[in-house]
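Here is the structure we will look at.
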Amino acid sequence: MVLNPVISKLAGKLVVLASASPRRQEILSNAGLRFELVPSWFKETLDKGLFKAPHEYAVETAKQKALEVARRMPFKHLKTPDIVIGADTIVTVDGMILEKPVDKQDAYRMLSSLSGKEHSVFTGVAIILCHEKENDEVDYQLVHFYEETKVKFADLSEDMLWEYINSGEPMDKAGGYGIQALGGMLVEYVHGDFLNVVGFPLNHFCKQLDMIYNRLELESGSVHNNGTHLILTQPSPNLPALSKHSSSSGPRPKSPSASQTNGTQSSPSDSPIHKVKRKDTESEVGESSWTLVNSLSKHTDDAETELRDSENTKLPPTTSRGHMIGHNLTEPEDSGPKKEELQRIIELMDGFKASKALFTASEMCVFDLLQSQPGLDAAQVAQEIKASEKGTECLLEACVSLGLLKSKERKYQRPVYKNTDLAKRFLRSDAPFSLHGYIQHCNNTVWPLFSHLESAVREGSNQHEKAFGKKSKDVFQDTFYNSQEIKLRFMNAMHSIAKVTGKAIATAFDLSRFKTACDLGGCTGAMAYEFTKAHPGLSVTVFDLPAVVEMSEHFHPLHTDNRVSFVAGDFFKDELPKADLYILARILHDWPDEKVHILLNKIADASTPGCAVLIAETMLDGQTAYSTLQSLNMLAQTEGLERTESQYADLLNKHGFGDTCVIHTKNFLDAVIAVKM
Ligand SMILES: O=c1[nH]cc([C@@H]2O[C@H](COP(=O)(O)OP(=O)(O)OP(=O)(O)O)[C@@H](O)[C@H]2O)c(=O)[nH]1
């Protein structure tokens, strides 16, 4: 892309955004960056007192967020990213660091401290470049920087403050406001990068990428550039070499454009350089397997040593400004396709093989068998699952390479197999979070539908007729609930997803004011059960088709609590049970807008002011592979599609539901709540 040659340099690389912030996802995807989303599990609890300046705290938190993901991925996701991006935004005023408020009082405290004053917003950013070496070791290179923007708030009256707090907007935002939304009304002026306040300094980020990939200015000696650190653990012909002029005192940035940006001080770093050796797919990365180099001066010394080494490696010629002449460093002319590039394409091409291996092992109850009898060899497994020895061995080995099984070699004997933790938690059919039911649905329903994806894309409609030879006017009545066997399988699938996601949805918002809820299309009641578990004062009515309700007793042992009840009916045709809160979990994505309007209209008719609708769906905003592929899934399988959070807010607004609040749960589903005005 002409507009952004730097972002386009990342095409073909596995870029990972280690952030759950929907704003960061949006800023980067709007800039055309294709990335995978792996939110960091790093808890933001560093001791602020240990940092000399607030931006150091933001940078260190950003580094820890990114490092946590970079070191988790090879083990938990079984792939090594090329680049991991982490960020942390803080607000500073009167010597205090403000992060996200923990409750409304905290938001009040923050916003009143900002009223009528200028404050600073710092976003620290860490870019980790990962290099997987032939011997399975991973080298990490860390670039980090920060950006400062000054923001002045108008004087805020108590009424204004509380109205804003009650909108729900402050809760997931640094300093307790969102400048991009209602919070914009509180702001008198902004000096500096607006997107930095929103959560990601895009311009500064692009400059850093440019520096990394185009070697701009680096030849003339900037290790510390514009608040940036570049720490190399290994010389790499694909990365800018550090100048031999660099030193621990930090040379001045030479680029005029860079020095005009805010946040020009170089930030001291105490971050270690990490190297990790990947041993096998089962190992957890412990600190002991890391080589740590502890001080900044040590980094710089190491970097200089490495530079001298790297100067000996053959690099293409440069001009005096450090630009490459006729060469592109990321794609050396003579080296042919890079291993990582090919790996990414092959991974995508092989995705269906991995899925089918998982489906087959699950369908043949391999995980259940190895749970009850761990340590069987291929011949023993083959005998138990009534399959060929040769086929079973291939399947077991594939599962080992996918991280689903572990194998143990034995001298002069065949290896034996057992479940990995992942299989124990999610693939056993009797595990509390078992996805067995959903996997069966994927194998028997989604798989045949996806084999007609091209037709689905051409025609813009589901493929039940091609896949199953049946015309369906209503996919639920005509396909999913057409036979007992298929119905039970579908209900099992919905049940397992509801169990895995239920708690995150039920606890996404403060629902303490609601006494009654109605879970429309609530199937087996698994989601309803999570709601009653999380909210002791709440009773939930599950409203679903008679064919579903009659079968839900198969799942009833779950409902030991009599606060969950079932009512049979069709939510498009029949009167809805009265409730304070209507739950629509994975319902609206089945239907086109016309039908969604019919349903929301009925909910609006049944609601009085103060009642609410809670929608749980996968929102498209982050453009993650999961959400966009899920939208293809809805295309091939239903009449519906996945939507963005603003599309849901618009649909709800049209039926008198406002004060919309969205939570990204870090689980499969996101949640939106809106109140009848
Ligand atoms: O004007 C705005 N200011 C800030 C925000 C959002 O605030 C949060 C800041 O929190 P943090 O940096 O800790 O990031 P998280 O949301 O927890 O996500 P990670 O997974 O990356 O830790 C951030 O989301 C900003 O976007 C805003 O929206 N407007």
- Message: more than 16 Å from the ligand (Cβ to nearest atom) and within 14 Å of the chain's Cα centre (by Cα): is that true of ARG34 in this structure?
- Response: yes
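I'd like to know if segment 408-416 contains one or more residues that are more than 19 Å from LYS76 (Cβ to Cβ), of a type in the set (Phe, Trp, Tyr) and surrounded by fewer than 19 Cβ atoms within 10 Å (Cβ to Cβ).
Checked segment 408-416: at least one residue is more than 19 Å from LYS76 (Cβ to Cβ), of a type in the set (Phe, Trp, Tyr) and surrounded by fewer than 19 Cβ atoms within 10 Å (Cβ to Cβ).
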- Task: Starting from segment 161-176, take each residue that is outside any helix (DSSP H, G or I) and list its partners that are open to solvent by 20 Å² or more (accessible area, probe 1.4 Å) and not acidic (Asp, Glu), counting only C-beta distances under 7 angstrom and pairs at least six apart or across chains.
- Result: SER167/LEU182; GLY168/CYS661; LYS173/LYS100
- Task: Would you mind telling me which numbered condition in (1) touching a strand residue (DSSP E or B) at 6+ places or on another chain (Cβ under 9 Å); (2) more than 16 Å from the ligand (Cβ to nearest atom) VAL190 fails?
- Result: (2)
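So that you can scan it fast, the table gives a plain yes or no per residue for (1) open to solvent by 20 Å² or more (accessible area, probe 1.4 Å); (2) within 11 Å of the ligand (Cβ to nearest atom):
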site: ILE127; (1), (2): no, no
site: GLU137; (1), (2): yes, no
site: ASP155; (1), (2): yes, no
site: TYR177; (1), (2): no, yes
site: GLY184; (1), (2): yes, yes
- Complete set of residues in segment 157-175 that are more than 14 Å from the ligand (Cβ to nearest atom) and not polar (S, T, N, Q): GLU158, ASP159, MET160, LEU161, TRP162, GLU163, ILE165
- Out of all the residues in segment 636-649, which are surrounded by fewer than 21 Cβ atoms within 10 Å (Cβ to Cβ), part of a helix (DSSP H, G or I) and of a type in the set (A, V, I, L, M, F, W, C)? ALA649
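Looking at segment 620-635, which of its residues are open to solvent by less than 10 Å² (accessible area, probe 1.4 Å) and among the aliphatic types (A, V, I, L, M)?
MET634
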- Take segment 80-102 and flag every residue that is in contact (Cβ under 8 Å) with a residue 12 or more places away in the chain, open to solvent by 40 Å² or more (accessible area, probe 1.4 Å) and either at positive phi or more than 13 Å from the ligand (Cβ to nearest atom) (or both). ASP94, MET96
- Note on the structure: Filter segment 3-55 for residues that are of a type in the set (Phe, Trp, Tyr) and either open to solvent by 40 Å² or more (accessible area, probe 1.4 Å) or in contact with a Phe, Trp or Tyr (Cβ under 9 Å, 6 or more places away or on another chain) (or both); the one that is modelled with the lowest pLDDT is PHE51
- Note on the structure: Counting only residues that are hydroxyl-bearing (Ser, Thr, Tyr) and either part of a helix (DSSP H, G or I) or touching a Gly at 6+ places or on another chain (Cβ under 6 Å) (or both), segment 455-481 contains a total of 2
- Query: Is it the case that LYS76 is open to solvent by 30 Å² or more (accessible area, probe 1.4 Å) and under 25 Å from LYS173 (Cα atoms)?
  - Reply: no
- Note on the structure: Taking segment 467-487 and keeping residues buried (at least 16 other Cβ atoms within 10 Å of the Cβ) and not aromatic (Phe, Trp, Tyr) leaves ALA467, SER472, VAL475, THR479, ASN482, ILE486, LYS487
- Of everything in segment 64-119 that's farther than 22 Å from TRP162 by Cα and among the polar types (S, T, N, Q), which residue is modelled with the highest pLDDT? THR89
- Message: What's the total number of residues in segment 346-404 that are outside any loop (DSSP other than H, G, I, E, B), open to solvent by less than 20 Å² (accessible area, probe 1.4 Å) and not hydrophobic (A, V, I, L, M, F, W, C)?
- Response: 2
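Per-residue answers, yes or no, for (1) more than 17 Å from LEU209 (Cβ to Cβ); (2) out of contact with any Leu (no Cβ under 7 Å at 6 or more places or on another chain):
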residue	(1), (2)
VAL15	no, no
GLN25	yes, no
PRO39	yes, yes
PHE42	yes, yes
HIS55	yes, yes
LEU67	yes, yes
HIS77	yes, yes
PRO81	no, no
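The values are calculated or read from the model by the stated rules, or taken from the named source; none is laboratory data. Quick caveat: nothing in here was measured; it's all calculated off a predicted structure. Every residue, glycine as well, gets a Cβ built from its backbone with ideal geometry; the counts of neighbours run over all protein chains shown. Ligands, DNA and RNA are excluded from the accessible area calculation, which covers all protein heavy atoms including side chains. Shrake-Rupley method; radii C 1.70, N 1.55, O 1.52, S 1.80 Å.
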